[in-house]
1. Exactly one condition in (1) more than 16 Å from the chain's Cα centre (by Cα); (2) farther than 15 Å from residue 143 by Cβ; (3) crowded, with 19+ Cβ neighbours inside 10 Å is false for residue 97; which is it?
2. So, in segment 42-74, exactly how many residues are more than 16 Å from the ligand (Cβ to nearest atom), of a type outside the set (A, V, I, L, M) and touching a strand residue (DSSP E or B) at 6+ places or on another chain (Cβ under 9 Å)?
3. Taking only segment 109-119 into account, find how many residues are surrounded by fewer than 23 Cβ atoms within 10 Å (Cβ to Cβ) and either assigned to a strand (DSSP E or B) or of a type in the set (Phe, Trp, Tyr) (or both).
4. Taking residue 22 as meeting all but one of (1) part of a loop (DSSP other than H, G, I, E, B); (2) under 16 Å from the mean Cα position of the chain (by Cα); (3) within 16 Å of the ligand (Cβ to nearest atom), write down the number of the exception.
5. Those residues that are within 10 Å of the ligand (Cβ to nearest atom) and modelled with pLDDT under 95, I need them from segment 99-129; list them, please.
6. Within segment 130-141, is there a residue that is part of a loop (DSSP other than H, G, I, E, B), more than 13 Å from the ligand (Cβ to nearest atom) and closer than 30 Å to residue 15 by Cβ?
7. Can you list residue pairs whose Cβ atoms sit under 7 Å apart, with the first residue in segment 54-70 being more than 18 Å from residue 115 (Cβ to Cβ) and of a type outside the set (Asp, Glu) and the second being modelled with pLDDT of 95 or more and assigned to a loop (DSSP other than H, G, I, E, B)? Count only pairs 6 or more apart in sequence or on different chains.
8. So residue 29 fits all but one of (1) farther than 23 Å from residue 168 by Cα; (2) at pLDDT 95 or above; (3) surrounded by fewer than 22 Cβ atoms within 10 Å (Cβ to Cβ); what number is the exception?
Amino acid sequence: MPSVTSAEIAAAIRNVADFPKPGIQFKDITPVLADARLFAGAIDLLTEKFKPGEVDAVVGIDARGFIFAAAAALKLQAGFIPVRKKGKLPFTTHEQDYALEYGSATVAMHTDALKPGARVLLIDDLLATGGTAAAAIALMKKLHAQILEVGFLIELKFLHGREKLPGQPIRSIVVY
Ligand code: AMP
């Protein structure tokens with residue numbers, strides 16, 4: 001049983017208006033990370049459904065997703081796999097484009113990051129429009145991974161990001 005509630009995590013998330021540009025309500029998770037109990041509790045909540053031995057790898061998305069995914073991987077005794085912005089991974093990669101509000105972006109994963117059939121979780125800090133997570137899922141599918149769950153510390157429900165992740169079991173800890 002996680003010893004921290006989602007309400008306690010919600011209370012620690014700091015809303016920063018107009019960052020990085022006017023109109024954006026930025027959800028700052030650094031106060032959660034800075035509190036040892038809340039950080040551990042967030043990882044407990046994100047991994048609640050699984051025990052060590054049930055998950056082969058946890059995939060995290062550049063950059064805040066790495067923090068949660070790496071800690072979850074350690075707890076589940078699983079490997080950690082990074083999905084990075086294009087041009088950062090040194091070995092051969094698969095790439096996936098996705099749409100942003102203005103323009104597009106590309107994420108990449110090493111071609112040997114996951115074995116076919118690997119049991120994996122995807123974790124990121126925040127689900128907004130869903131484009132980033134959908135691109136990461138496309139990369140995981142290229143490697144024929146078995147996606148057990150997609151977890152987010154925060155979901156901005158009014159942006160309907162879930163609609164871009166059809167058929168995926170989704171866990172979000174704090175919903176706005
Ligand atoms: P999206 O592809 O629209 O779902 O955006 C998700 C990514 O953008 C996540 O990796 C978040 O880190 C970041 N992001 C989007 N909106 C916000 C926000 N309001 N506050 C903090 N991070 C955000």
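The values are calculated or read from the model by the stated rules, or taken from the named source; none is laboratory data. Please read these numbers as outputs of a predicted model, since none were measured by experiment. Note: ideal-geometry Cβ built from the backbone for every residue, glycine included; neighbour counts use all protein chains shown.
1. (3)
2. 6
3. Qualifying residue count, segment 109-119: 2.
4. (2)
5. 99, 100, 101
6. Looking only at segment 130-141, we keep the residues that are part of a loop (DSSP other than H, G, I, E, B), and these are 130.
This time we only want the ones that are more than 13 Å from the ligand (Cβ to nearest atom), so: none.
The answer is no; no qualifying residue exists.
7. 64/29
8. So residue 29 meets the others, but not (3).
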